[in-house]
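Visitor: Mind looking over this structure? Questions follow.
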Amino acid sequence: MPRQHYSDLLALVAVARERSFTRAAAELGMSQSMLSHTIRQMEERLGVRLLTRTTRSVSVTEAGERLLAVIAPRLKDIEAELRGVMELRDVPAGTLRITATDHAIDTVVWPKLAKVLPAYPQIKVELHVDYALNDIVQGRYDFGVRRGNAVAKDILAVRIGPDQRFAIVGTAKYLASHAMPTKPEDLLRHECIVLGPPSRGGLPSWELKRGQRTMHARVNGRLAFNGIYQVLNASLSGHGLAYVPEDLAAPYLKSGKLLPVLKPWWRKFPGYYLVYARQSETSRAMRVLIDALRHRPASSAARR
């Protein structure tokens with residue numbers, strides 16, 4: 001195949017992975033029309049259809065699957081070798097892509113990165129807000145940030161933050177017109193603002209704990225958001241009760257804009273972990289980021 005056609009293979013891999021010309025074009029830095037033209041030209045040269053296109057989705061044909069099964073691993077190996085060559089530089093360099101929730105980025109990832117990035121001007125960082133917890137390998141991310149260290153096979157996890165307690169909160173105005181809950185079961189009689197869409201086939205729940213007793217308290221409400229800051233803002237506006245990280249609610253609890261609800265039941269959850277795929281060699285840039293984000297409890301930091 002002529003040398004200029006290698007870029008066509010990269011385009012095919014991107015579309016197959018993203019199942020979308022729009023997302024693949026954005027990733028490759030080209031227009032959607034140019035990407036579509038590139039794939040069509042490839043199909044014409046080979047004389048077979050590689051992708052099936054509909055108005056809503058893109059799928060890979062049998063011929064496309066056969067071709068991808070051969071070229072995708074080889075292209076991945078080439079990328080790994082190129083990164084390895086870059087590591088021969090005197091200083092860490094390269095682009096690192098991280099997927100995390102906005103709360104993790106704002107409270108853990110960015111505060112730490114902001115301190116070390118000036119010392120490494122050749123490291124570029126892309127931070128992507130994502131609540132869907134998408135597969136980091138499929139999404140071609142170098143790192144993901146997840147709560148807890150329960151990860152899939154061939155994925156490594158490094159703690160980057162302390163455990164966090166979640167708080168149930170509401171405004172005085174809202175609670176003045178709704179009886180203060182005294183037990184978790186009372187939450188069903190309240191407007192509860194949830195993170196993410198309600199679970200299929202039933203009501204959403206909040207995981208609570210008091211002493212050794214853990215329970216999933218069913219909640220009801222008209223509002224659901226896919227971002228924790230929007231959940232907090234809706235509660236601050238008097239639209240109901242919210243279950244949010246205590247560090248987010250703390251300033252408003254202190255000022256009295258929010259009141260604590262069922263505080264004995266507030267649960268502490270595992271902290272954030274940095275997850276990444278196991279590989280034969282971790283790049284120098286990746287090692288810099290891992291070390292920068294690694295959680296160091298105050299007691300151990302004081303001993304150093």
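Visitor: Expressed as a whole percent, how much of the Cα-Cα distance distribution for the stretch 106-240 exceeds 17 Å?
Guide: Numbers: 6430 of 9045 pairs.
The share of Cα pairs beyond 17 Å in the stretch 106-240 comes to 71 percent.
Visitor: With N set to the number of residues, divide the alpha-carbon radius of gyration of the stretch 199-240 by 2.2 N^0.38 Å and report two decimals. Mind showing how you got there, number by number?
Guide: Values: Rg = 12.4 Å, N = 42, 2.2 N^0.38 = 9.1 Å.
Dividing the Cα radius of gyration by 2.2 N^0.38 Å gives 1.37.
Visitor: Let me ask something else. With the calculation restricted to Cα positions, what are the radius of gyration and Dmax of the stretch 3-86 in angstrom?
Guide: That works out to 12.9, 42 Å for Rg and Dmax.
Visitor: Would you tally the net charge around A249, using a Cβ to Cβ cut-off of less than 15 Å, leaving A249 out, and scoring K and R as +1, D and E as -1? The partial results should precede the final answer.
Guide: Values: positive: R165, K254, K257, K263, R267, K268; negative: D106, E246, D247.
Overall, the nearby charge balance is +3.
Visitor: Shifting gears a bit: Give me a comma-separated list of calculated 3J(HN,Hα) values for the stretch 105-122, in order, Karplus coefficients 6.51, -1.76, 1.60 applied at θ = phi - 60°, integers in Hz, x for any Gly or Pro.
Guide: Residue by residue, the stretch 105-122 yields 5, 5, 9, 10, 5, 5, x, 7, 5, 4, 7, 9, 4, x, 7, 10, x, 9 Hz.
Visitor: Kindly identify the stretch 164-269 as rounded, prolate or oblate by the Cα gyration tensor criterion: order the square roots of the eigenvalues as a ≥ b ≥ c, call it rounded if a/c is under 1.5, otherwise compare a/b with b/c, prolate if a/b is larger, else oblate. Write down the numbers at each step before the final one.
Guide: Numbers: a/c = 1.27, a/b = 1.11, b/c = 1.15.
Here the stretch 164-269 falls in the rounded category.
Visitor: Apply the Debye scattering formula to the chain, with a single equal point scatterer on each alpha-carbon and no solvent, then give log10 I(q)/I(0) at q = 0.08, 0.09 Å⁻¹.
Guide: Once normalised to I(0) and log-transformed, intensities are -0.51, -0.63.
Visitor: Within 10 Å of each residue's Cβ, count the other Cβ atoms and sort Y120, Y141 from fewest upward. Provide the component values of the computation, followed by the final result.
Guide: Working: Y120 18, Y141 21.
Exposure proxy ranking, most exposed first: Y120, Y141.
Visitor: Using just the helices of the chain, give the 222 nm mean residue ellipticity in deg cm²/dmol: DSSP H runs with n ≥ 4 each add -39,500 (n - 2.57), and the total is spread over all residues, rounded to 500. Walk me through the numbers before you get to the answer.
Guide: Values: 10 runs with 108 residues, N = 304.
Taken over the chain, the calculation gives -10500 deg cm²/dmol.
Visitor: I've got another one for you. Contact order normalised by length for the stretch 164-269, with contacts defined as Cα pairs under 8 Å and 6 or more residues apart; what percent is it? Don't jump to the answer; show the numbers that get you there.
Guide: Numbers: 202 pairs, mean separation 50.2, N = 106.
Result for the stretch 164-269 is 47 percent.
Visitor: Using the Cα gyration tensor of the stretch 149-196, with a ≥ b ≥ c the square roots of its eigenvalues, what is the shape: rounded (a/c below 1.5), prolate (a/b larger than b/c) or oblate (neither)? Show your work: numbers first, answer last.
Guide: Numbers: a/c = 3.68, a/b = 2.84, b/c = 1.30.
Prolate, since a/c reaches 1.5 and a/b exceeds b/c.
Visitor: Okay, next question. Specify the angular offset, from 0 to 90 degrees and rounded to the nearest 10, of the alpha carbon long axis of helix 32-46 from the longest principal axis of the alpha carbons in the chain.
Guide: Computed tilt is about 40 degrees.
Visitor: Given the pairs K115/K254; K153/K209; K209/K257; K115/K263, which span a C-alpha to C-alpha distance of over 27 angstrom in this model?
Guide: Values: K115/K254 29 Å; K153/K209 30 Å; K209/K257 25 Å; K115/K263 35 Å.
Flagged as over cut-off: K115/K254; K153/K209; K115/K263.
Visitor: Now a separate question. Answer with one residue from G144, P264, V125: the one whose Cα lies farthest towards the positive end of the charge dipole of the chain, charges on Cβ with Lys, Arg +1 and Asp, Glu -1.
Guide: P264
Visitor: Still on this model: Please tell me the relative contact order of the stretch 3-86 in percent, rounded to the nearest whole number, where contacts are Cα pairs under 8 Å and at least six residues apart.
Guide: Working: 61 pairs, mean separation 21.0, N = 84.
Computed value for the stretch 3-86: 25 percent relative contact order.
Visitor: By how many degrees, 0 to 90 and rounded to 10, does the Cα axis of helix 62-86 deviate from the longest principal axis of the chain?
Guide: The angle comes out near 80 degrees.
Visitor: Dipole size in debye (nearest 20) for the chain around its Cα centre, Lys and Arg Cβ +1, Asp and Glu Cβ -1?
Guide: Numbers: 45 positive and 28 negative charges, 198 e Å.
About 940 debye.
Visitor: Follow-up. Net charge within 12 Å of V219 by Cβ-Cβ distance, Lys/Arg positive one each and Asp/Glu negative one each, not counting V219 itself? Walk me through the numbers before you get to the answer.
Guide: On the way: positive: R189, R218, R222; negative: E185, D186, E191, E207.
Result for the neighbourhood of V219: -1.
Visitor: Between the stretch 1-72 and the stretch 103-180, what is the C-alpha centre distance in whole Å?
Guide: 33 Å
Visitor: Let me ask you something else. So what's the net charge close to L133: Lys and Arg +1, Asp and Glu -1, counting the other residues with Cβ under 10 Å from its Cβ? Before the final figure, lay out the partial values.
Guide: Details: positive: R146, R147; negative: D130, D135.
Every neighbour counted, the sum reads 0.
Visitor: I need to check one value: relative contact order of the chain, counting alpha carbon pairs closer than 8 Å and at least 6 residues apart, in percent.
Guide: Values: 455 pairs, mean separation 63.0, N = 304.
Averaging sequence separation for qualifying contacts and normalising by length gives 21 percent for the chain.
Visitor: Explain nothing, just the number: dipole magnitude of the stretch 3-86 about its Cα centre with +1 on each Lys and Arg Cβ and -1 on each Asp and Glu Cβ, in debye rounded to the nearest 20. It would help to have the intermediate numbers written out before the result.
Guide: Working: 13 positive and 10 negative charges, 36 e Å.
Its charge dipole is roughly 180 debye.
All of the numbers you see were taken from the coordinates with simple rules; none came from a lab. All figures in this text were calculated on a predicted structure; none of them were measured in a lab. No Cβ is skipped: glycine too gets one built from the backbone with ideal geometry, and neighbour counts run over all protein chains shown.
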